[in-house]
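Encoded as structure tokens, the structure appears first; notes follow it.
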Amino acid sequence: MPHQNIQLDRVFYALADPTRRAVLERLSKSPAPVSELAEPFDMALPSFTQHLNILESCGLVRSHKTGRVRTCEIDPRPLKAAERWMLEHRAMWETRLNQLDRYLRTMKEKR
């Protein structure tokens, strides 16, 4: 279980940055070379590569090199794990909020 939590933390950390979310959005359409992925961003290639390294370290992106071209593609499995976690917690909080709502209505009726 601790390993799953660490992996989930890495996924949420990766998703917290708008640049990395934009890269994932682009890769959801098709694989792309690093140079093409970096093009829309106003940053040096080494800085952009750091974003890719974070995405790769949590498993959201895979890359392979052919000659001098490094091509990236998305791996949606870590996103599914994050979605599962959010759905489980959403159900718990909805239950708690419904309980609070019932309690507050009861208190209001007693007044």
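The values are calculated or read from the model by the stated rules, or taken from the named source; none is laboratory data. Predicted, not measured: the structure shown is a model, and the values here were computed from it. When we count neighbours, we look across all protein chains shown, and the Cβ atoms used for this are built from the backbone with ideal geometry, even at glycine.
Observations
- Among the residues listed as GLU88, GLU73, the single one being charged (D, E, K, R), at negative phi and modelled with pLDDT of 95 or more: GLU73
- Qualifying residues in the range 32-65 (those that are of a type in the set (Ser, Thr, Tyr) and within 22 Å of ALA82 (Cα to Cα)) - the one surrounded by the most Cβ atoms within 10 Å (Cβ to Cβ): SER63
- Meets criteria (more than 17 Å from VAL11 (Cβ to Cβ), in a helix (DSSP H, G or I) and acidic (Asp, Glu)) for GLU56: no
Okay, residues lined up against (1) under 17 Å from LEU15 (Cα atoms); (2) free of Cβ contacts under 8 Å to residues at least 60 places away in the same chain; (3) surrounded by 15 or more Cβ atoms within 10 Å (Cβ to Cβ); (4) not aliphatic (A, V, I, L, M):
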{"residue": "GLY67", "(1), (2), (3), (4)": "no, yes, no, yes"}
{"residue": "GLU73", "(1), (2), (3), (4)": "yes, yes, no, yes"}
{"residue": "PRO78", "(1), (2), (3), (4)": "yes, no, yes, yes"}
{"residue": "MET86", "(1), (2), (3), (4)": "yes, yes, no, no"}
{"residue": "ALA91", "(1), (2), (3), (4)": "no, yes, no, no"}
